[in-house]
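Read the structure below first, then the notes.
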Amino acid sequence: MKTKEVRIGDRVIGGGNPVLIQSMTNTKTEDVSATVAQIHELEKAGCDIIRCTAPTMEAARAIAEIKKQIHIPLVADIHFDYRLAIASIENGADKIRINPGNIGAKERVKAVVDCAKERNIPIRVGVNSGSLEKDLLEKYGGVTAEALVESALKEAAVIEDMGYDNLVISIKSSDVMTAVKAHELISKKTDHPLHVGITEAGTLRRGLIKSSIGLGLILSQGIGDTIRVSLTADPVEEVYAAREILKTLGLRKGGIEIVSCPTCGRTQIDLIGLAEQAESIASEFDDLDIKLAVMGCVVNGPGEAKEADLGIAGGDGVGLLIRHGEIVKKLPEDELLPALREELERIRAEKA
């Protein structure tokens, strides 16, 4: 669904631009060195936009120093105190996230909007299932997709009526199908870019499953302009997951695609360890757009490895290193990973 463009720092979302990946720091924003260190890790993992909470004036002011040391746009997350939103903008936030409903009186919301308008800073209006207004809960008999959409459009209208439409909307639910339906509905009612995610998705395993299904269903319909995979885990895991979701849907290119077979009784090599270590090595070669196969037995292994740009096909304590369908060499198991790294470095040098 085509939405209008919104510029966040030096990045642009909406208007058919690529879907960008977001995450959020879990450090104290006041601790500049810790926050910057975490953002650098997220940048390296592939994060496009970072969000930091600004619950105190010290945190809002810290944004100025943080911004000097990072390379991606910063979004300030604000709740309750309009002065923190204004301070965050004045200290260089590239975008702010607010819920007008919890900022307070209309004149306070307007003060924030006027400050954002003066600097052309976009505002993300965020609504989730836990923040729905009491009247909407009564109207719809609880948390529903329709209630989320009505709440989000009502909050956006508050800002639009103040003469500002540089907005991004997010409507999040921890219930996957509610989130999917809400995005389907709102995409027909607004052209503001949509920030998509399954909120409070859970721990790494459960959260990955819920987020992959929810984001997959939404993004596959052409809905969504920027995403966050919300996990109770290291934020770097959110970025890795988001990248894989986008690559799987064909919405992002680049980086090594890894295919590996499930284990079975035929496996005579430490395939699980081999695949995990191969994945770790591959993460160091994100500039390569190739397919890597890590296979564990003689049934599908050689054939799958030959279909990839580069592959390992394991046997009984040994394995084959295969490139473009040709066997490069046969090696003992403990020499496969060093050989894989060497071959990846060779491919990188050839492409350079």
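One residue stands out among those in region 63-82 that are surrounded by fewer than 20 Cβ atoms within 10 Å (Cβ to Cβ) and modelled with pLDDT under 95: the one that is farthest from GLY101 (Cα to Cα), which is ASP81. Inside region 251-266, residues that are over 30 Å from ALA37 (Cα atoms) and surrounded by 17 or more Cβ atoms within 10 Å (Cβ to Cβ) make up a count of 2. Name the single residue, out of those in region 28-54 being hydroxyl-bearing (Ser, Thr, Tyr) and out of contact with any Cys (no Cβ under 8 Å at 6 or more places or on another chain), that is nearest to ILE66 (Cα to Cα). Ranking the qualifying residues of region 28-54, first place goes to SER33.
For region 41-84, how many residues are part of a helix (DSSP H, G or I) and in contact (Cβ under 8 Å) with a residue 12 or more places away in the chain?
So the first thing to find is which residues in region 41-84 are part of a helix (DSSP H, G or I), and the list is 41-45, 57-69, 82-84.
Narrowing the set further to residues that are in contact (Cβ under 8 Å) with a residue 12 or more places away in the chain leaves 41-43, 45, 57-67, 69, 82-84.
The qualifying residues number 19.
Could you figure out which of (1) open to solvent by 20 Å² or more (accessible area, probe 1.4 Å); (2) in a helix (DSSP H, G or I); (3) more than 19 Å from TYR240 (Cα to Cα) isn't true of ILE213? Failing condition for ILE213: (3).
So that you can scan it fast, the table gives a plain yes or no per residue for (1) hydroxyl-bearing (Ser, Thr, Tyr); (2) outside any loop (DSSP other than H, G, I, E, B):
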{"site": "LYS2", "(1), (2)": "no, no"}
{"site": "GLY16", "(1), (2)": "no, no"}
{"site": "SER23", "(1), (2)": "yes, yes"}
{"site": "THR27", "(1), (2)": "yes, no"}
{"site": "ILE39", "(1), (2)": "no, yes"}
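Applying the selection to region 29-54, what residues are within 24 Å of THR226 (Cα to Cα) and open to solvent by 30 Å² or more (accessible area, probe 1.4 Å)? Outline the logic, then answer.
Here is the first cut: in region 29-54, the residues within 24 Å of THR226 (Cα to Cα) are 29, 35-54.
Across region 29-54, the qualifying residues are ALA37, HIS40, GLU41, GLU43, LYS44, THR53.
Selection of region 308-352 for residues being within 19 Å of LEU271 (Cα to Cα), in contact (Cβ under 8 Å) with a residue 60 or more places away in the chain and aliphatic (A, V, I, L, M) yields LEU336, LEU337, LEU340. Does region 214-225 include one or more residues that are modelled with pLDDT of 95 or more and closer than 22 Å to THR53 by Cα? Yes. Does any residue of region 239-250 turn out to be over 18 Å from the mean Cα position of the chain (by Cα), loosely packed, with under 15 Cβ neighbours inside 10 Å and more than 23 Å from GLY130 (Cβ to Cβ)? Within region 239-250, none of the residues are over 18 Å from the mean Cα position of the chain (by Cα), loosely packed, with under 15 Cβ neighbours inside 10 Å and more than 23 Å from GLY130 (Cβ to Cβ).
The values are calculated or read from the model by the stated rules, or taken from the named source; none is laboratory data. The shown structure was predicted, so the numbers you read here are calculated from the model rather than taken from an experiment. A quick note on method: Cβ atoms are made from the backbone with ideal geometry, for glycine too, and the neighbour counts reach across all protein chains shown. Areas reflect the complete protein model, heavy atoms only, side chains present, ligands, DNA and RNA absent. Shrake-Rupley method; radii C 1.70, N 1.55, O 1.52, S 1.80 Å.
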